[in-house]
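Here is the structure we will look at.
The values are calculated or read from the model by the stated rules, or taken from the named source; none is laboratory data. Being a predicted model, the structure only gives us computed values, none of them experimental. Please note: Cβ atoms are built from the backbone with ideal geometry, for glycine as well, and neighbour counts cover all protein chains shown.
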């Protein structure tokens, strides 16, 4: 289609350039370790939290988060990333990494006393890694009513909180 071969060379170089950038991007993806962390609040926690506890932890900036670590990260870099994901953990005097015990989904066991490097994190497998404060528990607020939702009663047209609606309906009939 082109009158001379120079255009073909340019097109070929463009494709090579695209391939090179794609392979660089692919290599960057492979050079990280992404783990699902779950930060607990109590320094003595030995079991996984209930659904209610998970919601409380989530509202307090703890709970489950996906965190990416550079593949060659030192224990100091891993520690920094954990603190970035869970800032409240900085004031707890360190942390431990825990996993569910084999054969038990509820009981936890310590895998690392303090931080570890990315290679050790990779050895923890694909499951959730629990992070437990070491010296001091993280204080939580159970502000369940921070966002109160209201609905209009179908019988009296009064605006009632969803939490109180069942009781209201019993009284309203």
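Which one of these does residue 144 not meet: (1) more than 16 Å from residue 54 (Cα to Cα); (2) surrounded by 12 or more Cβ atoms within 10 Å (Cβ to Cβ); (3) at pLDDT below 85?
(1)
Just to check your reading of the model, which residue among 66, 52 is modelled with pLDDT of 90 or more and over 20 Å from residue 129 (Cβ atoms)?
Going through 66, 52 in turn, just one is modelled with pLDDT of 90 or more and over 20 Å from residue 129 (Cβ atoms): 52.
Does segment 117-137 hold any residues that are under 19 Å from residue 43 (Cβ atoms) and either more than 17 Å from the chain's Cα centre (by Cα) or free of Cβ contacts under 8 Å to residues at least 12 places away in the same chain (or both), and which are they?
Once the filter is applied, which keeps residues that are under 19 Å from residue 43 (Cβ atoms) and either more than 17 Å from the chain's Cα centre (by Cα) or free of Cβ contacts under 8 Å to residues at least 12 places away in the same chain (or both), segment 117-137 yields 134, 135, 136, 137.
Does segment 31-53 contain at least one residue that is assigned to a strand (DSSP E or B), surrounded by 12 or more Cβ atoms within 10 Å (Cβ to Cβ) and free of Cβ contacts under 8 Å to residues at least 12 places away in the same chain?
no
Hey, does segment 54-65 have a residue that's without any contact (Cβ under 8 Å) to a residue 40 or more places away in the chain, closer than 30 Å to residue 172 by Cβ and not in a strand (DSSP E or B)?
Looking only at segment 54-65, we keep the residues that are without any contact (Cβ under 8 Å) to a residue 40 or more places away in the chain, and these are 54-55, 58, 61, 63, 65.
Next, only the ones that are closer than 30 Å to residue 172 by Cβ stay: 55.
Cutting the leftovers down to not in a strand (DSSP E or B) gives us 55.
Yes, segment 54-65 has at least one match.
Residues that are farther than 22 Å from residue 113 by Cβ and crowded, with 19+ Cβ neighbours inside 10 Å: does segment 58-69 have at least one?
Yes, segment 58-69 contains at least one residue that is farther than 22 Å from residue 113 by Cβ and crowded, with 19+ Cβ neighbours inside 10 Å.
Filter segment 94-124 for residues that are surrounded by 13 or more Cβ atoms within 10 Å (Cβ to Cβ) and in a loop (DSSP other than H, G, I, E, B); which is modelled with the lowest pLDDT?
Checking each candidate, the answer is 101.
Which condition from (1) touching a helix residue (DSSP H, G or I) at 6+ places or on another chain (Cβ under 7 Å); (2) closer than 18 Å to residue 39 by Cβ is the one that residue 156 breaks?
Result: residue 156 passes all but (2).
Can you spot a residue in segment 72-89 that is farther than 12 Å from residue 133 by Cα, in a strand (DSSP E or B), touching a strand residue (DSSP E or B) at 6+ places or on another chain (Cβ under 6 Å) and touching a residue at least 24 places away in the same chain (Cβ under 8 Å)?
No, segment 72-89 contains no residue that is farther than 12 Å from residue 133 by Cα, in a strand (DSSP E or B), touching a strand residue (DSSP E or B) at 6+ places or on another chain (Cβ under 6 Å) and touching a residue at least 24 places away in the same chain (Cβ under 8 Å).
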